[in-house]
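Asks: Let me give you the structure first, and then I'll get to my questions.
The values are calculated or read from the model by the stated rules, or taken from the named source; none is laboratory data. Since the structure is predicted, the reported quantities are computational estimates derived from the model, not experimental observations. Note that we place each Cβ from the backbone using ideal geometry, even for glycine, and neighbour counts take in every protein chain shown. When the accessible area is computed, the model is the full protein with side chains, heavy atoms only, and any ligands, DNA or RNA have been set aside. Shrake-Rupley method; radii C 1.70, N 1.55, O 1.52, S 1.80 Å.
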Amino acid sequence: MMSSMGNGGPGGMMSFGKSNAKVYVKSSTGIKFSDVAGEDEAKELLSEIVDFLHNPQKYREIGASMPKGALLVGPPGTGKTLLAKAVAGEAEVPFFSISGSEFVEMFVGMGAAKVRDLFKQANEKAPCIVFIDEIDTIGKKRDGAGMGGGNDEREQTLNQLLTEMDGFDGSKGVVILAATNRPDSLDPALLRPGRFDRRIPVELPDLQGREEILKVHAKKIKIADSVRFDEIAKAAVGASGAELANIVNEAALRAVRDGRKFATQADFEESIEVVIAGYQKKNRVLSNKEKLIVSYHEVGHALVAAKQTDSAPVHKITIIPRTSGALGYTMQVDEQEHFLMTKEELENKIATFTGGRAAEELIFHSITTGASNDIEQATKLARAMISRYGMSDEFDMVAMENVSNQYLGGDASLTCSFETQTLLDKKVVDVVRKQHEKATKILTDNIGKLHEIAKYLYEHETITGEEFMKILEDKPMEIETPQENTEA
Ligand code: ADP
Ligand code: MG
Ligand code: ZN
């Protein structure tokens with residue numbers, strides 16, 4: 001029965017399922033990247049896929065094959081589905097889409113057959129895009145409990161998906177995009193090379209992103225000339241693209257309700273409250289006080305990095321909460337990859353890790369839980385310096401740990417006596433403390449810049465490496481002191 005269903009084509013299969021459930025649609029979306037505001041990083045990562053779909057021949061001739069799958073990862077409403085459609089629209093190829101949740105509603109045995117059929121169709125229509133929305137619904141980690149249980153159906157569907165992905169020819173021009181807001185719940189099998197091995201982060205928009213999204217959607221309605229999108233974006237802290245689209249529509253509805261022909265600033269402000277108020281309580285949106293602490297913390301990292309020689313330049317700092325759970329992050333990118341690190345470079349890295357906490361201490365005279373990841377990283381490095389890289393006077397070139405994984409932080413097993421371990425632990429503390437003190441000194445010496453950049457970050461939510469360097473090198477500029485709004 002299964003195989004006949006698989007060959008039956010969509011018409012035949014649908015008669016099996018719930019009356020006329022639309023399981024996938026083939027269409028050219030007509031949506032372009034310009035319909036997606038902000039999200040420049042995601043668009044950049046996706047543009048290579050667009051080029052490939054546009055001209056698979058070019059890649060085939062040289063023998064290159066595209067990654068088969070890319071995974072769009074980010075919170076709900078950030079435009080993942082929209083981006084996937086825009087890839088199809090830009091490349092002008094068919095777009096097959098199916099949502100993980102649709103599988104759940106199907107008859108027993110249907111899931112795997114659907115997957116098989118979907119790929120069969122896609123292969124015939126290549127180049128094209130297959131989009132699997134909410135992939136976590138079918139791609140959850142298998143619990144390894146084995147046979148039985150209620151998960152057989154889902155597991156069969158997942159296995160079929162893996163089989164199809166492995167089976168098809170990467171040069172043919174079928175690209176599989178998937179979206180999820182729960183990347184850590186995915187079965188690792190899905191993320192292996194040759195499957196969804198490209199991850200495209202789609203994060204919540206920052207201040208400027210929010211303004212752009214509002215403008216894209218405001219094109220669809222009539223607005224008064226006096227509307228200030230920057231003000232609206234500022235008030236809509238924590239809003240996703242979907243919520244911003246909703247705010248614009250609410251504003252138009254309010255205008256109609258009041259018998260006006262245009263939406264005004266007041267309409268927008270009122271609708272923010274309607275759309276966002278509940279949301280901010282439900283979700284993790286930083287209070288202004290927290291935002292300020294995170295700003296100083298991140299700039300602490302960045303300043304310590306920038307004021308030491310030989311540390312990687314700051315690429316971007318943001319205080320938009322990430323999908324990973326981090327409240328903010330500072331991204332450094334090395335200009336050149338290098339494979340040997342000197343003792344000084346390692347020490348500088350540790351100092352940079354401690355810079356976030358050091359800034360909190362210096363400015364707020366209290367400390368938070370926000371440094372837990374920094375602490376972990378700094379400890380790992382300091383420990384490796386002593387136990388594996390022979391970078392302490394006490395132990396010379398004696399290894400105290402065996403490592404079964406070549407990368408930093410691999411699985412280590414101790415090879416020394418209990419007494420030595422105790423000494424090693426003490427030494428690790430010394431190394432970290434010394435760098436922490438150095439970081440505090442760097443920040444104290446540059447406290448004006450710390451204030452200036454942290455306030456800039458607090459206001460703009462994201463700051464590029466160039467902006468960072470510009471402020472760092474410039475004479476002091478005038479920045480309004482952020483107000484603390486204790487209600488938020
Ligand atoms: P996700 O798939 O990440 O949950 P969607 O792509 O379904 O989010 O977004 C829902 C709607 O929100 C879109 O149809 C669009 O109207 C709006 N939207 C979300 N992000 C953006 C964006 N970056 N630019 C413009 N509109 C957006
Ligand atoms: Mg979606
Ligand atoms: Zn930190």
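Asks: Residue check: is Gly63 away from ligand 3 (no atom under 16 Å from the Cβ) and open to solvent by less than 10 Å² (accessible area, probe 1.4 Å)? Give the steps one after another, and end with the answer.
Replies: On the way: away from ligand 3 (no atom under 16 Å from the Cβ): yes; open to solvent by less than 10 Å² (accessible area, probe 1.4 Å): no.
No; evaluated as a whole, the condition is false for this residue.
Asks: OK, next. Return the only residue of Leu72, Leu46 being open to solvent by less than 10 Å² (accessible area, probe 1.4 Å) and assigned to a helix (DSSP H, G or I). Before you say what the answer is, go through the steps one by one.
Replies: Details: Leu72 fails: assigned to a helix (DSSP H, G or I).
Only one candidate qualifies: Leu46.
Asks: Here's something else I'd like to know. Just to be sure I understand, how many residues within the range 304-344 are modelled with pLDDT of 80 or more and open to solvent by less than 30 Å² (accessible area, probe 1.4 Å)?
Replies: Adding up the residues that qualify gives 8.
Asks: Which condition breaks for Gln208 when tested against (1) closer than 22 Å to Val73 by Cα; (2) assigned to a loop (DSSP other than H, G, I, E, B); (3) not basic (Lys, Arg)?
Replies: Looking at each condition in turn, Gln208 falls short on (2).
Asks: Considering only residues of the range 92-106 that are out of contact with any Asp or Glu (no Cβ under 8 Å at 6 or more places or on another chain) and in a helix (DSSP H, G or I), which is nearest to ligand 2 (Cβ to nearest atom)?
Replies: Looking at residues that are out of contact with any Asp or Glu (no Cβ under 8 Å at 6 or more places or on another chain) and in a helix (DSSP H, G or I), I get Glu102.
Asks: Follow-up. Residue pairs, Cβ under 6 Å, 6 or more apart or interchain, first in the range 366-394 and touching a residue at least 40 places away in the same chain (Cβ under 8 Å) and away from ligand 1 (no atom under 16 Å from the Cβ), second outside any helix (DSSP H, G or I) and open to solvent by 30 Å² or more (accessible area, probe 1.4 Å). List them.
Replies: Met385/Met391
Asks: So, of the residues in the range 359-391 that are within 24 Å of the chain's Cα centre (by Cα), closer than 19 Å to Leu303 by Cα and not small (Gly, Ala, Ser), which turns out to be surrounded by the most Cβ atoms within 10 Å (Cβ to Cβ)?
Replies: Filtering first and then ranking leaves Asp374.
Asks: So if I check each of Leu71, Leu46, which one is within 23 Å of Arg192 (Cα to Cα) and within 14 Å of ligand 2 (Cβ to nearest atom)?
Replies: Numbers: Leu46 fails: within 14 Å of ligand 2 (Cβ to nearest atom).
One residue alone meets the criteria, Leu71.
Asks: For Ala239, indicate whether it is assigned to a loop (DSSP other than H, G, I, E, B), within 16 Å of ligand 1 (Cβ to nearest atom), open to solvent by less than 20 Å² (accessible area, probe 1.4 Å) and out of contact with any Gly (no Cβ under 6 Å at 6 or more places or on another chain). Explain how you work it out, then say what you get.
Replies: Details: assigned to a loop (DSSP other than H, G, I, E, B): yes; within 16 Å of ligand 1 (Cβ to nearest atom): yes; open to solvent by less than 20 Å² (accessible area, probe 1.4 Å): yes; out of contact with any Gly (no Cβ under 6 Å at 6 or more places or on another chain): yes.
For Ala239, the condition - assigned to a loop (DSSP other than H, G, I, E, B), within 16 Å of ligand 1 (Cβ to nearest atom), open to solvent by less than 20 Å² (accessible area, probe 1.4 Å) and out of contact with any Gly (no Cβ under 6 Å at 6 or more places or on another chain) - is met.
Asks: Within the range 172-186, which residues are farther than 23 Å from Leu204 by Cα and surrounded by 19 or more Cβ atoms within 10 Å (Cβ to Cβ)? First the steps, then the outcome.
Replies: Step one: filter the range 172-186 for residues farther than 23 Å from Leu204 by Cα, giving 172-176.
Those that are farther than 23 Å from Leu204 by Cα and surrounded by 19 or more Cβ atoms within 10 Å (Cβ to Cβ): Gly173, Val174, Val175, Ile176.
Asks: Given the criteria basic (Lys, Arg), open to solvent by 60 Å² or more (accessible area, probe 1.4 Å) and under 30 Å from Ala233 (Cβ atoms), does Lys32 qualify?
Replies: Working: basic (Lys, Arg): yes; open to solvent by 60 Å² or more (accessible area, probe 1.4 Å): yes; under 30 Å from Ala233 (Cβ atoms): yes.
Yes: the conditions hold for Lys32.
Asks: Condition (residue is outside any helix (DSSP H, G or I) and crowded, with 22+ Cβ neighbours inside 10 Å) applied to the range 152-171: is it met by at least one residue? Full working, then the answer.
Replies: Here is the first cut: in the range 152-171, the residues outside any helix (DSSP H, G or I) are 168-171.
Of the ones still in play, those that are also crowded, with 22+ Cβ neighbours inside 10 Å are none.
No, that holds for no residue.
Asks: Of the numbered conditions (1) buried (at least 18 other Cβ atoms within 10 Å of the Cβ); (2) modelled with pLDDT under 95, Gly356 fails exactly one; give the number of that condition.
Replies: (2)
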